[in-house]
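The values are calculated or read from the model by the stated rules, or taken from the named source; none is laboratory data. All values derive from a computational prediction rather than experimental measurement. Ideal geometry is used to build each Cβ from the backbone, glycine not excepted, and the neighbour counts take in all protein chains shown. For accessibility, only protein heavy atoms count, side chains too; no ligands or nucleic acids. Shrake-Rupley method; radii C 1.70, N 1.55, O 1.52, S 1.80 Å.
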Amino acid sequence: MFDGETRFRYDGRPIADILSEQAPEPPKFDAHNDFTVYVMGPYTAFNAERAYDDADELRTPFQADPLFDPDSHVTDDGTGDMERALRDFCAELRAEHDCRAFIATDIDIPTHEQAAPGTKPRRNGGDFTTGMDPLAQSVAFAAHSDAVLFLFTRGGLTTGVGAETGGILGEFHLRRGNPALTHKPGQRIGLYLDDDFSSATIDELPKGYDVRYDRFRSKRDLHGKVRNWFDGLEREARDTDLPVFVPGDTYSAGSDGYSSR
(Lines give C-alpha, C1' and ligand atoms only; values in the text may rest on other atoms or scores of the structure.)
Protein backbone atom coordinates (compact mmCIF):
# COMPACT_ATOMS: atom_id res chain seq x y z
CA MET A 1 0.00 0.00 0.00
CA PHE A 2 1.33 3.42 -0.98
CA ASP A 3 1.88 5.64 2.07
CA GLY A 4 3.32 8.78 0.49
CA GLU A 5 1.76 12.22 0.45
CA THR A 6 -1.42 12.79 -1.56
CA ARG A 7 -4.44 15.05 -1.30
CA PHE A 8 -6.59 12.24 0.10
CA ARG A 9 -7.13 13.01 3.78
CA TYR A 10 -9.83 12.71 6.43
CA ASP A 11 -10.01 14.81 9.59
CA GLY A 12 -6.48 16.07 8.93
CA ARG A 13 -5.00 12.58 8.54
CA PRO A 14 -3.75 10.92 5.34
CA ILE A 15 -6.08 8.20 4.10
CA ALA A 16 -2.99 6.01 3.68
CA ASP A 17 -2.38 6.11 7.44
CA ILE A 18 -6.01 5.28 8.20
CA LEU A 19 -5.99 2.30 5.84
CA SER A 20 -2.66 1.12 7.24
CA GLU A 21 -4.23 1.03 10.71
CA GLN A 22 -7.71 -0.25 9.89
CA ALA A 23 -7.69 -2.41 6.74
CA PRO A 24 -8.05 -6.00 8.02
CA GLU A 25 -4.91 -8.11 7.83
CA PRO A 26 -4.56 -11.66 6.48
CA PRO A 27 -4.08 -14.46 9.03
CA LYS A 28 -0.31 -14.35 8.65
CA PHE A 29 0.66 -10.74 8.09
CA ASP A 30 4.05 -9.40 7.08
CA ALA A 31 5.52 -6.72 4.83
CA HIS A 32 5.05 -8.84 1.67
CA ASN A 33 1.28 -9.16 2.01
CA ASP A 34 0.66 -5.53 2.89
CA PHE A 35 -1.27 -5.71 -0.38
CA THR A 36 -4.50 -3.77 0.01
CA VAL A 37 -7.59 -4.74 -2.01
CA TYR A 38 -10.62 -2.46 -1.95
CA VAL A 39 -13.78 -4.46 -2.72
CA MET A 40 -16.95 -2.75 -3.93
CA GLY A 41 -20.32 -4.32 -4.55
CA PRO A 42 -23.99 -3.90 -3.62
CA TYR A 43 -24.79 -3.74 0.11
CA THR A 44 -28.45 -4.74 -0.25
CA ALA A 45 -29.98 -7.81 -1.91
CA PHE A 46 -33.03 -7.59 -4.14
CA ASN A 47 -36.06 -8.73 -2.12
CA ALA A 48 -39.14 -9.70 -4.14
CA GLU A 49 -41.40 -9.20 -1.10
CA ARG A 50 -40.63 -5.50 -1.18
CA ALA A 51 -41.43 -5.26 -4.89
CA TYR A 52 -44.41 -7.58 -5.46
CA ASP A 53 -47.59 -8.07 -3.43
CA ASP A 54 -47.73 -11.82 -4.04
CA ALA A 55 -44.03 -12.49 -3.40
CA ASP A 56 -44.84 -14.18 -0.07
CA GLU A 57 -45.88 -17.21 -2.14
CA LEU A 58 -42.30 -17.72 -3.29
CA ARG A 59 -40.02 -20.26 -1.62
CA THR A 60 -37.56 -17.44 -1.06
CA PRO A 61 -37.81 -13.73 -1.98
CA PHE A 62 -34.10 -13.62 -2.82
CA GLN A 63 -32.49 -14.47 -6.13
CA ALA A 64 -29.90 -17.21 -6.39
CA ASP A 65 -26.52 -15.50 -6.12
CA PRO A 66 -22.92 -16.80 -6.04
CA LEU A 67 -22.02 -14.66 -3.00
CA PHE A 68 -25.29 -14.21 -1.11
CA ASP A 69 -26.45 -17.00 1.24
CA PRO A 70 -30.07 -16.56 2.45
CA ASP A 71 -29.26 -18.74 5.48
CA SER A 72 -26.56 -16.41 6.80
CA HIS A 73 -26.86 -13.08 4.97
CA VAL A 74 -30.36 -11.99 6.03
CA THR A 75 -30.98 -9.59 8.92
CA ASP A 76 -33.57 -10.13 11.66
CA ASP A 77 -36.07 -7.92 9.84
CA GLY A 78 -35.75 -9.97 6.65
CA THR A 79 -33.48 -7.60 4.72
CA GLY A 80 -30.98 -9.24 2.41
CA ASP A 81 -27.60 -8.12 3.68
CA MET A 82 -25.21 -8.15 0.72
CA GLU A 83 -22.79 -6.13 2.84
CA ARG A 84 -22.41 -9.15 5.09
CA ALA A 85 -21.87 -11.33 2.02
CA LEU A 86 -19.14 -8.97 0.77
CA ARG A 87 -17.49 -8.94 4.19
CA ASP A 88 -17.44 -12.74 4.24
CA PHE A 89 -15.96 -12.77 0.73
CA CYS A 90 -13.23 -10.35 1.85
CA ALA A 91 -12.38 -12.69 4.74
CA GLU A 92 -11.96 -15.48 2.17
CA LEU A 93 -9.76 -13.23 0.01
CA ARG A 94 -7.52 -12.48 2.99
CA ALA A 95 -7.21 -16.16 3.91
CA GLU A 96 -6.81 -17.59 0.41
CA HIS A 97 -4.88 -14.83 -1.36
CA ASP A 98 -2.81 -13.37 1.48
CA CYS A 99 -3.98 -9.78 1.09
CA ARG A 100 -5.69 -7.00 3.04
CA ALA A 101 -9.14 -7.11 1.44
CA PHE A 102 -11.72 -4.70 2.84
CA ILE A 103 -15.02 -2.97 2.12
CA ALA A 104 -15.72 0.69 2.84
CA THR A 105 -17.55 0.05 6.12
CA ASP A 106 -14.49 -1.73 7.53
CA ILE A 107 -12.89 1.73 7.75
CA ASP A 108 -14.09 4.00 10.55
CA ILE A 109 -14.96 7.11 8.55
CA PRO A 110 -18.56 8.36 8.80
CA THR A 111 -20.68 9.66 5.97
CA HIS A 112 -22.20 13.14 6.33
CA GLU A 113 -25.47 11.59 7.46
CA GLN A 114 -23.72 9.44 10.06
CA ALA A 115 -21.75 12.45 11.30
CA ALA A 116 -24.89 14.54 11.86
CA PRO A 117 -25.78 15.49 15.47
CA GLY A 118 -27.71 12.83 17.33
CA THR A 119 -26.36 9.86 15.36
CA LYS A 120 -24.78 6.91 17.10
CA PRO A 121 -21.09 7.09 18.09
CA ARG A 122 -18.33 5.66 15.94
CA ARG A 123 -17.20 2.08 16.40
CA ASN A 124 -14.05 3.20 18.18
CA GLY A 125 -16.08 5.18 20.72
CA GLY A 126 -14.95 8.62 19.55
CA ASP A 127 -17.18 11.56 18.77
CA PHE A 128 -18.10 12.35 15.20
CA THR A 129 -16.38 15.34 13.70
CA THR A 130 -17.11 15.80 10.02
CA GLY A 131 -18.42 13.38 7.44
CA MET A 132 -17.05 12.19 4.12
CA ASP A 133 -19.48 11.24 1.35
CA PRO A 134 -19.41 7.61 0.13
CA LEU A 135 -18.03 8.41 -3.33
CA ALA A 136 -15.24 10.56 -1.87
CA GLN A 137 -14.37 7.68 0.46
CA SER A 138 -14.33 5.21 -2.43
CA VAL A 139 -12.12 7.44 -4.55
CA ALA A 140 -9.64 7.80 -1.68
CA PHE A 141 -9.67 4.10 -0.78
CA ALA A 142 -9.29 3.08 -4.41
CA ALA A 143 -6.44 5.55 -4.91
CA HIS A 144 -4.48 4.04 -2.03
CA SER A 145 -5.22 0.37 -2.73
CA ASP A 146 -2.97 -1.96 -4.68
CA ALA A 147 -6.01 -3.51 -6.36
CA VAL A 148 -9.65 -2.40 -6.71
CA LEU A 149 -12.32 -5.07 -7.20
CA PHE A 150 -15.85 -4.25 -8.39
CA LEU A 151 -18.37 -7.08 -8.00
CA PHE A 152 -21.68 -7.29 -9.85
CA THR A 153 -23.92 -10.26 -9.11
CA ARG A 154 -27.50 -11.12 -10.03
CA GLY A 155 -28.90 -10.81 -6.49
CA GLY A 156 -27.73 -7.34 -5.51
CA LEU A 157 -29.21 -3.88 -5.93
CA THR A 158 -26.42 -2.24 -7.89
CA THR A 159 -27.41 1.43 -8.21
CA GLY A 160 -24.80 2.62 -5.70
CA VAL A 161 -21.87 0.51 -6.87
CA GLY A 162 -22.70 1.33 -10.50
CA ALA A 163 -22.50 5.05 -9.75
CA GLU A 164 -19.23 4.59 -7.87
CA THR A 165 -17.76 2.57 -10.72
CA GLY A 166 -18.31 5.39 -13.19
CA GLY A 167 -17.13 7.98 -10.68
CA ILE A 168 -13.89 6.19 -9.92
CA LEU A 169 -13.03 5.32 -13.52
CA GLY A 170 -13.61 8.94 -14.50
CA GLU A 171 -11.70 10.33 -11.51
CA PHE A 172 -8.67 8.21 -12.36
CA HIS A 173 -8.71 9.28 -16.05
CA LEU A 174 -9.02 5.71 -17.32
CA ARG A 175 -11.20 6.36 -20.35
CA ARG A 176 -9.32 5.13 -23.39
CA GLY A 177 -7.57 8.02 -25.10
CA ASN A 178 -7.75 10.33 -22.08
CA PRO A 179 -4.68 12.59 -22.40
CA ALA A 180 -4.33 13.26 -18.66
CA LEU A 181 -0.77 12.92 -17.40
CA THR A 182 -1.72 11.04 -14.23
CA HIS A 183 -3.59 7.74 -14.22
CA LYS A 184 -4.31 5.00 -11.74
CA PRO A 185 -2.84 1.93 -13.48
CA GLY A 186 -5.85 0.36 -15.17
CA GLN A 187 -4.55 -3.18 -14.67
CA ARG A 188 -5.11 -2.66 -10.94
CA ILE A 189 -8.87 -2.17 -11.33
CA GLY A 190 -10.97 -5.26 -12.04
CA LEU A 191 -14.67 -5.66 -12.83
CA TYR A 192 -16.06 -9.13 -12.16
CA LEU A 193 -19.61 -10.06 -13.17
CA ASP A 194 -21.41 -13.29 -12.53
CA ASP A 195 -22.64 -15.03 -15.66
CA ASP A 196 -26.29 -14.28 -14.91
CA PHE A 197 -25.82 -10.57 -14.28
CA SER A 198 -26.92 -8.37 -17.16
CA SER A 199 -26.24 -4.67 -17.71
CA ALA A 200 -25.52 -3.10 -21.08
CA THR A 201 -23.71 -0.20 -19.40
CA ILE A 202 -21.44 -2.38 -17.26
CA ASP A 203 -20.82 -4.80 -20.13
CA GLU A 204 -19.60 -1.93 -22.32
CA LEU A 205 -17.21 -0.40 -19.76
CA PRO A 206 -14.10 -2.26 -21.01
CA LYS A 207 -14.67 -0.82 -24.48
CA GLY A 208 -14.47 2.70 -23.10
CA TYR A 209 -12.12 2.25 -20.15
CA ASP A 210 -8.75 0.55 -19.82
CA VAL A 211 -9.51 -1.86 -16.94
CA ARG A 212 -9.61 -5.61 -16.35
CA TYR A 213 -12.96 -7.29 -17.01
CA ASP A 214 -14.08 -10.88 -16.48
CA ARG A 215 -17.10 -13.06 -15.75
CA PHE A 216 -17.46 -15.94 -13.31
CA ARG A 217 -19.82 -18.87 -12.78
CA SER A 218 -19.45 -19.47 -9.03
CA LYS A 219 -17.63 -18.17 -5.99
CA ARG A 220 -14.90 -20.79 -6.51
CA ASP A 221 -14.53 -19.69 -10.13
CA LEU A 222 -14.31 -16.07 -8.95
CA HIS A 223 -11.53 -16.92 -6.50
CA GLY A 224 -9.56 -18.62 -9.24
CA LYS A 225 -9.85 -15.68 -11.60
CA VAL A 226 -8.98 -13.18 -8.86
CA ARG A 227 -5.90 -15.24 -8.00
CA ASN A 228 -4.77 -15.13 -11.63
CA TRP A 229 -5.29 -11.36 -11.61
CA PHE A 230 -3.34 -10.84 -8.39
CA ASP A 231 -0.50 -13.05 -9.64
CA GLY A 232 -0.05 -10.65 -12.56
CA LEU A 233 0.26 -7.59 -10.32
CA GLU A 234 3.57 -6.63 -8.81
CA ARG A 235 3.46 -6.31 -5.06
CA GLU A 236 5.34 -3.06 -4.88
CA ALA A 237 7.42 -1.82 -1.98
CA ARG A 238 5.44 0.65 0.09
CA ASP A 239 7.63 3.61 -0.84
CA THR A 240 6.65 3.48 -4.51
CA ASP A 241 3.76 5.30 -6.13
CA LEU A 242 2.68 2.75 -8.75
CA PRO A 243 -0.57 1.61 -7.10
CA VAL A 244 -1.80 5.05 -6.07
CA PHE A 245 -3.39 7.80 -8.09
CA VAL A 246 -1.71 11.10 -7.27
CA PRO A 247 -3.62 14.08 -8.69
CA GLY A 248 -1.33 16.28 -10.70
CA ASP A 249 -1.25 17.78 -14.17
CA THR A 250 -4.40 16.92 -16.09
CA TYR A 251 -5.83 17.81 -19.45
CA SER A 252 -8.11 20.82 -19.24
CA ALA A 253 -11.19 20.60 -21.43
CA GLY A 254 -11.56 23.68 -23.60
CA SER A 255 -7.84 24.31 -23.86
CA ASP A 256 -5.18 23.20 -26.29
CA GLY A 257 -2.87 21.66 -23.76
CA TYR A 258 -2.32 20.51 -20.22
CA SER A 259 -2.95 22.52 -17.10
CA SER A 260 -2.61 21.92 -13.38
CA ARG A 261 -5.87 21.31 -11.64
Could you calculate the contour length gain from Thr182 to Asp195, that is, 0.36 nm times the residue separation minus the distance between their Cα atoms, to one decimal place in nm?
1.3 nm
Under a point spin-label approximation (7 Å from Cα along Cα-to-Cβ), what is the Ala31-Gln114 distance to one decimal in nm?
3.3 nm
At a probe radius of 1.4 Å, what is the per-residue accessible area of Ser138, in Å² to the nearest 10?
0 Å²
SASA check, Arg220, accessible area w/ 1.4 Å probe, all protein chains in place, rounded to nearest 10 Å², comes out at 150 Å²
Between beta-carbons, use under 13 Å as the cut-off and find the net charge around Asp65, counting Lys and Arg +1, Asp and Glu -1.
-3
What's the extension gain from His223 to Lys207 if we count 0.36 nm per residue and subtract their Cα-Cα distance?
3.3 nm
Which far-off residues, 5 or more places away or on another chain, put their amide H under 5 Å from the one on Tyr213, with H placed in the peptide plane?
Leu191
Quick one: Karplus J couplings for region 162-171, per residue in order, coefficients 6.51, -1.76, 1.60, θ = phi - 60°, nearest Hz, x for Gly and Pro?
x, 5, 5, 4, x, x, 6, 4, x, 4
Distance in nm between Thr105 and Arg175 label points, each 7 Å along Cα→Cβ, equals 3.3 nm
If you plug each phi of region 90-96 into the Karplus form 6.51 cos²θ - 1.76 cosθ + 1.60 with θ = phi - 60°, what whole-Hz ³J(HN,Hα) values come out, in order, with x for Gly and Pro?
4, 4, 5, 4, 4, 6, 8
